[in-house]
Amino acid sequence: AAWAIAPTISTPATTSPTKSLRWYPVASGLIPDAVKAQAPNIVRTTSRAGRVTNGGSGTYLGDRLVLICRHTIGNRSMRCYFDSALPKFFIDGIVIARMDGLDSALVELETMPPLPGIRIAIANPIPGDASFALGYATGRLGCHVGQIRQYVSGGNYIEQSGGAISGDSGGPLLNDQG
């Protein structure tokens, strides 16, 4: 189940999956099946601001809602690609809420995708728990494997050791139960 959709702090941060020894394609045998089962709910996002295209990852919550990171928004319109579930399938949406202090935003999709949405964990993680951060940093869905380190900023952020790279922003942090 997902502990956190956003925000998390990933250390070490890196710019390339090849420099992170903990990055694996989601199809890898090192990723638990329960984590792989959540892959259809992770979306690749794009948004235009003039001639610049911003992008990242997002987490489909169900009920036409996708949680993303605020810093990936170019304007109010977003395009969400469900590459893992349905190649080349996308749904346009619009940003309906922004939580700037937490670097989060909520996108409402124009139509309902044929997916249930991610499962949310009931219990908070504890330091030492295995963590799996999913995202589209390389243009394909990947996973950073690590552990929960600690809570920071008064418990508003979870620090995990799996690393992160540009493009992962907005993807979920999962436990080993998916």
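The values are calculated or read from the model by the stated rules, or taken from the named source; none is laboratory data. Quantities reported herein were computed from a predicted structural model and do not represent experimental measurements. Positions of Cβ are generated from backbone atoms using ideal geometry, with glycine treated the same way; all protein chains shown enter the neighbour counts. These accessible areas exclude ligands, DNA and RNA; they are computed on the full protein's heavy atoms, side chains included. Shrake-Rupley method; radii C 1.70, N 1.55, O 1.52, S 1.80 Å.
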Env charge @ Ala37, Cβ radius under 15 Å, K,R +1 / D,E -1, value 0
³J(HN,Hα), Karplus 6.51/-1.76/1.60, whole Hz, each residue of region 64-74, x for Gly, Pro: 6, 10, 10, 9, 10, 8, 4, 6, 8, 7, x
Convex hull volume per residue for the chain, taking Cα atoms only, in Å³: 110 Å³
For a protection proxy built on the mean count of beta-carbon atoms within 10 angstrom, sort 161-174, 31-44 highest first, please. 161-174, 31-44
Fraction of accessible area attributable to carbon and sulfur, region 23-66 (%, probe 1.4 Å): 53 percent
Run the simple label-point estimate for Arg76 and Met99 please: 7 Å along Cα→C-beta, distance reported in nm. 2.2 nm
